[in-house]
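Bear in mind these aren't lab numbers, they're just calculated from the coordinates by the rules spelled out. From a predicted model like this one, the values you see are computed outputs, not experimental measurements. FYI the Cβ positions are ideal-geometry reconstructions off the backbone, even for glycines, and counts take in every protein chain you see.
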Amino acid sequence: MRKIALLALVFALTAPITHVARGQGGPRIAVDTITRLTQIDVDIAQALSEVEQAEADGARVDAELAGMAAAREGGSRRVQDRTRALYRLSRAGALPLAGGFDALLGHAARVERLTRMLERDVQEMHELTQHETALRDETVAATARVASAHARVAALEAEKAQLLETSGGLSAFDVALAGAVDVPAQTTIATSQDGFGIRFSDGESTSAPSAFEGQRGELALPVAAPTSIHEASRDEGSGLELAGTRGATVRAGAAGRVAYADRHPGYGSLVIIDHGNSFFTVYGGLGAIDTQVGDEMPRAGRVGSVGTSPIFFQVRRGTRPLDARAWLGI
């Protein structure tokens, strides 16, 4: 049986829905259910944004702590060196008695200056220790924020799955994309345990997701030799347009699973690849689609080809567009 894996993305739910929807062969869906599903996706996007911010804060703190390690080592060396030097100047027999009064004054000045320097070093080490403690507290707080946001995402996704299940086979794809394709009536809602998002499934097993998060700045360029690259947007979602030679291959930025491969009113011929953990890449304006829903797509695998229009490329986490240039490393 052909695997069905249809993705419900909020970027297609941004327009308000005021009518009652009907899935393919399914019952009528109450407006309040659709409204709640839309709000859940918004809340998931917000929680994922909080995860990214907390992870960024944690990375910043870790980098600062790593830099402070060298400062602490250098400060500790200075304290030890100056303590030994002060001891040598202050111990019995170190006074320059044979040099007269001027020599005694010079010696006292050296001792006083070294004492002040040592006191300053000790104070700096104390302040450094306090700052390190504060940074470590920030790390703990950032870790707690990440855990809390992940817990909210899990709870929201569970609620979303329950709503989809109790709606009697609601075609979330019909609601999201206005019935762009036919969905078999026997299709049921399933939640994946491998990191991929909620999708329609025929019950077949799925493989583990790729480590997409670690590929920031290293995604494969969708068009190998684009003639131009510039910022663009579709349905208020930002991304890039890459112009290329007609018929040129359009490649997957990373390994994943095809979640959608069909026409879309706002994107033209469209392929969406699910990379797991709420990460998606979007390929719009294709001249031809050379894959189908459920296909496992390798990195740089052929998604389709360039047509007469530029290819629209987008990276999303949940419902939120990310910086496509940063993910491509350009």
- Give the long-range amide H neighbours of residue 248: residues separated by 5 or more places, or on another chain, with amide H under 5 Å away, using H modelled in the peptide plane at 1.01 Å from N. 306
- Note on the structure: Beyond 22 Å, the calculated P(r) of region 213-328 holds a percent of Cα-Cα pairs equal to 20 percent
- Calc'd 3J(HN,Hα), region 116-133, phi into Karplus 6.51 cos²θ - 1.76 cosθ + 1.60 (θ = phi - 60°), Hz, glycine/Pro = x, comes to 5, 5, 5, 4, 5, 4, 5, 5, 5, 5, 5, 5, 5, 5, 5, 5, 4, 4
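Arranged from highest to lowest average of other beta-carbon atoms within 10 Å per residue, in what order do the peptides 316-327, 74-85, 253-264 appear?
Details: 316-327: 19.2, 74-85: 13.8, 253-264: 22.5.
Per-residue mean Cβ counts within 10 Å order the peptides as 253-264, 316-327, 74-85.
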- Message: Quick one: 3J(HN,Hα) in Hz for region 50-60, Karplus 6.51/-1.76/1.60 with θ = phi - 60°, rounded, Gly and Pro as x.
- Response: 5, 4, 4, 5, 5, 5, 5, 4, x, 5, 4
- Query: Counting Lys and Arg as +1 and Asp and Glu as -1, each charge on the Cβ, what is the dipole of region 32-167 about the Cα centre in debye, to the nearest 20?
  - Reply: 1380 debye
- region 157-163 - phi-based ³J(HN,Hα) in whole Hz, Karplus 6.51/-1.76/1.60, Gly and Pro as x: 5, 5, 5, 4, 4, 5, 4
